[in-house]
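Student: Below is a structure I'd like to ask you about.
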Amino acid sequence: MSLIRAENISFVYSTGTSFEKKALDNVSFEIEKGEFVGIIGHTGSGKSTLIQLLNGLLKPTEGNIFFDEKNIWDEPKKIRNIRFRVGMVFQYPEYQLFEETVYKDIAFGPHNMGLDDDETDKRIHKAAEFVGLREDQLLVSPFELSGGEKRRAAIAGVIAMDPDVLILDEPTAGLDPLGREALLSQIVDYHRVRKNTVLLVSHSMEDIARIADRILVMSHGKKIALDTTENVFSKGDELEKIGLQVPQVTRIMQMLKKKGFNVDTSVLTVEQGFNEILNCLSGV
Amino acid sequence: MVREITLGQYLPGKSPIHRMDPRSKILLLITYIVVIFLCKNFVSLLLMSLFSILIILLTGISFLKYLKSLRMIIFVIIITGILNLFYGSGDVLCELWILKITTGGIYNALFVIVRITILMMVSAVLTYTTSPTDLTDGLERLMKPLTIFHVKVHEIALMMTIALRFIPVLLEETDKIMNAQKARGADMESGNVFQRVKALTPVLIPLFVSSFRRANDLAMAMECRCYNGGKNKTRMKVLRFSKIDLAASIISVVIFAAVIFTNTIFQPVI
Ligand SMILES: Nc1ncnc2c1ncn2[C@@H]1O[C@H](COP(=O)(O)OP(=O)(O)OP(=O)(O)O)[C@@H](O)[C@H]1O
Ligand SMILES: [Mg+2]
């Protein structure tokens with residue numbers, strides 16, 4: 001039994017006007033509970049559209065989406081409940097902060113869920129800890145935080161709702177290398193501790209290769225593949241055709257193999273690559 | 001959804017009307033508006049309508065677009081039309097309580113409807129065929145004489161340009177922020193008026209913050225390029241009064257003169 005199931009979904013923006021634009025075309029897939037799925041695709045391939053459909057911010061033009069085997073649009077009045085269970089962190093989420101203090105801003109989601117103050121308070125502190133915000137930072141205005149800290153606060157605001165599925169749209173865009181690392185490892189920790197499902201949209205093949213169990217590949221509104229990370233990145237040529245690349249180390253391994261070195265080409269991270277090359281050299 | 005809202009929508013093209021100088025377009029439109037309100041009989045009104053249709057055909061833009069420009073004010077047209085029915089003198093055609101429909105009323109209604117309709121469509125010609133930059137440029141040049149009265153013409157034009165430029169950006173941003181807050185369970189669709197206004201705070205505050213940020217960035221970028229007001233500013237695209245403008249002006253003046261002439265020789269009906 002899958003947690004999220006999309007059946008032949010299509011989505012058209014601005015139907016019936018001259019701006020009509022088909023952003024998704026007959027996409028079907030299933031995502032299991034507890035998975036970490038990476039979503040990749042070139043700019044405009046429909047990634048952001050797809051994830052907005054999954055938590056009911058957009059309604060599919062055709063097809064159905066099932067959450068826990070229940071069609072999410074069966075009861076349009078209760079779509080908010082789906083949004084609480086499928087938490088969504090948008091691209092550049094720092095622009096959504098609005099409250100007087102970081103604390104109050106993180107409380108916005110839990111309050112909308114109708115949780116009492118005690119429970120909300122507990123969740124805020126836990127969420128802040130997950131994203132690495134200090135206690136004293138909770139009491140300042142969100143507009144006094146730095147860009148990276150603002151982003152953490154915004155992510156905490158979604159985590160505090162304790163969703164079953166957490167969807168992040170390019171959470172590391174515009175952060176420095178250290179900030180990216182820190183944020184990614186916090187997301188990985190979050191996934192490991194809470195054991196919930198995470199969907200991560202990213203343009204960085206390196207990041208995706210390192211942390212995702214499976215990868216959904218999109219191109220021009222169509223699903224190209226949903227497969228394990230190794231399988232997806234073993235098809236470098238096909239990825240290149242749709243404007244994507246395998247991680248740099250994987251490419252290096254594939255080139256070395258072509259030159260006649262006996263290395264494993266399914267390597268995904270720099271450490272694995274390092275070991276692989278060492279093994280190969282010492283074996284000679 | 002917000003993207004579909006179009007304000008002063010410009011439809012690029014290569015028609016003679018597109019190639020006209022914005023200044024002559026603005027001036028001719030103003031004259032056109034004056035003349036259309038001078039029409040007092042069917043001959044002159046018909047002449048004006050035919051002229052309007054000629055202009056619209058010349059732009060090469062589908063007639064459907066012009067009908068769409070009417071969509072916003074269709075109710076205004078209908079209501080003024082109906083009100084005018086009961087307002088006028090002449091033979092009484094039918095009587096309902098204190099309301100009388102007279103032949104004069106029918107003429108009034110007809111004139112009002114035709115006038116507003118062609119007026120709106122010809123005004124749409126200006127916005128459809130002139131890019132916002134050209135439009136504000138043209139306005140700035142036309143208002144130039146006002147500088148002797150210390151009117152800050154250049155600043156006003158700049159403000160208009162910036163506002164036009166950022167309206168779509170802000171609309172898109174509103175859409176994004178609304179989605180982000182909805183994802184956190186913000187409920188903007190239900191509740192009474194007060195609850196709904198209150199529910200807008202999470203959208204309005206980020207919107208204000210980002211508008212100020214944008215304004216700041218824009219000011220900084222302009223300063224970096226040594227912007228210091230309109231003085232000594234040269235333009236990449238210099239507005240020129242061309243042969244097309246001359247031809248358009250002559251044709252318009254002839255037609256306007258003909259309209260005024262027919263107005264005087266035929267019996268006025270309103
Ligand atoms: N609000 C909208 N109205 C109309 N068209 C839209 C809208 N949002 C996106 N589109 C179009 O739908 C297509 C898919 O967009 P989407 O945002 O899903 O791409 P993406 O894969 O997230 O791209 P990126 O990697 O740049 O974020 C694009 O061609 C885009 O132009
Ligand atoms: Mg996107």
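Student: Given chain A, what percent of its DSSP beta bridges are antiparallel, to the nearest 5? List each step's numbers first, then the result.
Tutor: Numbers: 20 of 38 bridges.
Among the beta bridges of chain A, antiparallel pairing accounts for roughly 55 percent.
Student: How much FRET efficiency would the formula 1/(1 + (r/R0)^6) give for A:Asp264 and B:Leu171, where r is the Cβ-Cβ distance and R0 is 35 Å, rounded to 0.05? Walk me through the numbers on the way to the answer.
Tutor: Numbers: r = 52 Å, r/R0 = 1.47.
About 0.10, to the nearest 0.05.
Student: Could you tell me the calculated FRET efficiency between A:Glu135 and B:Val253, based on Cβ-Cβ distance and R0 = 60 angstrom, to the nearest 0.05?
Tutor: The value I calculate is 0.20.
Student: Next question, about the same structure. For region A:95-138, which GluC sites (Glu not before Pro) pass both filters: DSSP loop (anything but H, G, I, E, B) and at most 10 other C-beta atoms within 10 Å?
Tutor: none
Student: Given a 1.4 angstrom probe, what's the average accessible area per residue across region A:30-127, in square angstrom?
Tutor: Numbers: 4270 Å² over 98 residues.
Heavy-atom accessible area per residue stands at 44 Å².
Student: If r is the Cβ-Cβ distance from A:Thr43 to B:Leu70 and R0 is 35 Å, what FRET efficiency results, to the nearest 0.05? Please list the in-between numbers first.
Tutor: Values: r = 38 Å, r/R0 = 1.09.
That gives a FRET efficiency of 0.35.
Student: As a test of the definition: with a 1.4 Å probe, what buried accessible area, both sides summed, do you compute for B against A, in Å² to the nearest 100?
Tutor: Between B and A, the summed buried area is about 1800 Å².
Student: Another question, then. Lysines within cross-link reach of A:Lys259: Cα-Cα under 25 Å, excluding same-chain residues under 8 positions apart?
Tutor: List returned: A:Lys235, A:Lys241.
Student: Then there's this: Which of the residues in region A:63-91 show a loss of at least 50 Å² in accessible area from their chain by itself to the complete set of protein chains, at a probe of 1.4 Å?
Tutor: Residues shielded by partner chains are A:Arg80, A:Arg83.
Student: Mind checking the log10 I(q)/I(0) for the protein assembly as shown at q = 0.08, 0.10, 0.11, 0.13 Å⁻¹? Debye, one equal scatterer per Cα, no solvent, two decimals.
Tutor: Normalising to I(0) and taking log10 leaves -0.77, -1.00, -1.09, -1.26.
Student: Helix A:248-258 sits at what angle to the longest principal axis of chain A, using alpha carbons and giving 0 to 90 degrees rounded to 10?
Tutor: 20 degrees
Student: Label-point separation (nm) for B:Arg196 and A:Phe143, each offset 7 Å from Cα along Cα-to-Cβ?
Tutor: The two pseudo-label positions are separated by 2.7 nm.
Student: Which of the residues in region A:92-124 show a loss of at least 30 Å² in accessible area from their chain by itself to the complete set of protein chains, at a probe of 1.4 Å?
Tutor: A:Tyr95, A:Gln96, A:Phe98, A:Phe108
Student: Can you give me the Cα centroid spacing of region B:153-195 and region A:136-183 in angstrom?
Tutor: Each part's Cα centre sits 23 Å from the other's.
Student: Where in chain B are the DSSP H helices whose C-alpha atoms run 30 Å or more along the long axis and whose mean Kyte hydropathy is at least 1.0?
Tutor: B:103-129, B:243-265
Student: Now for a separate question. What relative contact order, as a whole-number percentage, does chain A give when Cα pairs under 8 Å and 6 or more residues apart are counted?
Tutor: 22 percent
Student: Can you give me the relative contact order of region B:2-265 as a percent, contacts being Cα pairs under 8 Å and 6 or more apart?
Tutor: On the way: 229 pairs, mean separation 80.8, N = 264.
Relative contact order comes out at 31 percent.
Student: Compute the long axis of helix A:270-283 from its Cα atoms, compare it with the longest principal axis of the Cα atoms of chain A, and write down the angle in degrees, 0 to 90, nearest 10.
Tutor: 20 degrees
Student: Sticking with this structure for a sec: Quick check: the distance between the Cα centres of region B:42-120 and region A:9-30, to the nearest angstrom?
Tutor: So the separation of the two Cα centres works out to 41 Å.
Student: Over all directions, the average projected area of the alpha-carbon convex hull for region B:179-270 comes to how many nm²?
Tutor: Approximately 15.6 nm², given one-decimal rounding.
Student: Structure shown: which of A:Lys47/A:Lys70; B:Lys65/B:Lys176; A:Lys150/A:Lys195; A:Lys59/B:Lys182 lie over 19 Å apart, alpha-carbon to alpha-carbon?
Tutor: Values: A:Lys47/A:Lys70 23 Å; B:Lys65/B:Lys176 28 Å; A:Lys150/A:Lys195 25 Å; A:Lys59/B:Lys182 14 Å.
Correct reply: A:Lys47/A:Lys70; B:Lys65/B:Lys176; A:Lys150/A:Lys195.
Student: Quote the relative contact order of region B:114-251 in percent (integer), defining contacts as alpha-carbon pairs under 8 Å separated by 6+ residues.
Tutor: With pairs under 8 Å counted, the relative contact order is 20 percent.
Student: Over the protein assembly as shown, what percent of the accessible surface lies on carbon and sulfur atoms, probe 1.4 Å?
Tutor: Of the solvent-accessible surface of the protein assembly as shown, carbon and sulfur hold 62 percent.
Student: Which distance in nm do the two modelled labels at B:Arg225 and A:Lys78 give, with both placed 7 Å along the Cα-to-Cβ direction?
Tutor: Each label point is offset 7 Å from its Cα along the Cβ direction, giving 5.5 nm.
Student: Which residue fluctuates most in the GNM of chain A (Cα springs below 10 Å): A:Glu181, A:Glu240, A:Glu230?
Tutor: Among A:Glu181, A:Glu240, A:Glu230, the largest GNM mean-square fluctuation belongs to A:Glu240.
Student: With springs only between Cα atoms under 10 Å, which of A:Lys77, A:Lys150, A:Lys104 fluctuates most in a Gaussian network model of chain A?
Tutor: Result: A:Lys77 has the largest fluctuation of those listed.
Student: If you take every DSSP beta bridge fully contained in region A:1-98, what fraction is antiparallel? Give it as a percent rounded to 5.
Tutor: 100 percent
Student: Right, here's the next one. Could you report region B:2-265's accessible area per residue, 1.4 Å probe, as an integer in Å²?
Tutor: Counting only protein heavy atoms, the per-residue value for region B:2-265 is 62 Å².
Student: For the protein assembly as shown, give me the percentage of DSSP beta bridges that are antiparallel, rounded to the nearest 5 percent.
Tutor: Of those bridges, close to 55 percent are antiparallel.
Student: Now, a different point. With the crude spin-label approximation of a point 7 Å out along Cα→Cβ, what separation in nm comes out for B:Leu246 versus A:Glu271?
Tutor: Between B:Leu246 and A:Glu271, the simple spin-label model gives 8.0 nm.
Student: Considering only A:Ser219, A:Ser146, A:Ser266, give the residue with the highest GNM mean-square fluctuation for chain A, with springs between Cα atoms whenever their separation is below 10 Å.
Tutor: A:Ser146
Student: I've got another one for you. Rounded to two decimals, what is the ratio between the C-alpha radius of gyration of region B:2-265 and 2.2 N^0.38 Å?
Tutor: 1.30
Student: Label point 7 Å out from A:Lys241 along Cα-to-Cβ: which residues of region A:15-56 have amide N under 16 Å?
Tutor: A:42, by backbone N distance to the label point.
Student: If you count, for every residue in B:175-182, the Cβ atoms of partner chains within 10 Å of its Cβ, what is the mean?
Tutor: Rounded to a whole number, the mean comes out at 6.
Student: Now for a separate question. Taking the Cα centroid of region B:201-247 and of region A:210-272, what is the distance between the two, rounded to the nearest whole Å?
Tutor: Taking the Cα centre of each part, region B:201-247 and region A:210-272 sit 46 Å apart.
Student: Checking the table B:Lys152/B:Lys237; B:Lys40/B:Lys100; A:Lys22/B:Lys14 against a 27 Å threshold on Cα-Cα, which pairs fail? Numbers along the way, then the final one.
Tutor: Values: B:Lys152/B:Lys237 22 Å; B:Lys40/B:Lys100 22 Å; A:Lys22/B:Lys14 29 Å.
In this structure, A:Lys22/B:Lys14 exceed 27 Å between Cα atoms.
Student: Another question, then. Once the cut-off is 34 Å, how many percent of the Cα-Cα pairs in chain A end up in the long-distance tail?
Tutor: On the way: 10237 of 40186 pairs.
Counting pairs separated by more than 34 Å, the tail of P(r) holds 25 percent.
Student: Quick check on the protein assembly as shown: helices-only [θ] at 222 nm, where DSSP H runs of length 4 and up contribute -39,500 (n - 2.57) each and the sum goes over total residues. Nearest 500, please. Intermediate values should be presented prior to the final figure.
Tutor: Working: 22 runs with 299 residues, N = 554.
After summing the helix terms and dividing by the residues of the protein assembly as shown, the value is -17500 deg cm²/dmol.
The values are calculated or read from the model by the stated rules, or taken from the named source; none is laboratory data. Since the structure is predicted, the reported quantities are computational estimates derived from the model, not experimental observations. Methodologically, a virtual Cβ is constructed for each residue, glycine included, from the backbone with ideal geometry; neighbour enumeration extends over all protein chains shown. Heavy atoms of the whole protein, side chains included, go into the accessibility calculation; ligands, DNA and RNA do not. Shrake-Rupley method; radii C 1.70, N 1.55, O 1.52, S 1.80 Å.
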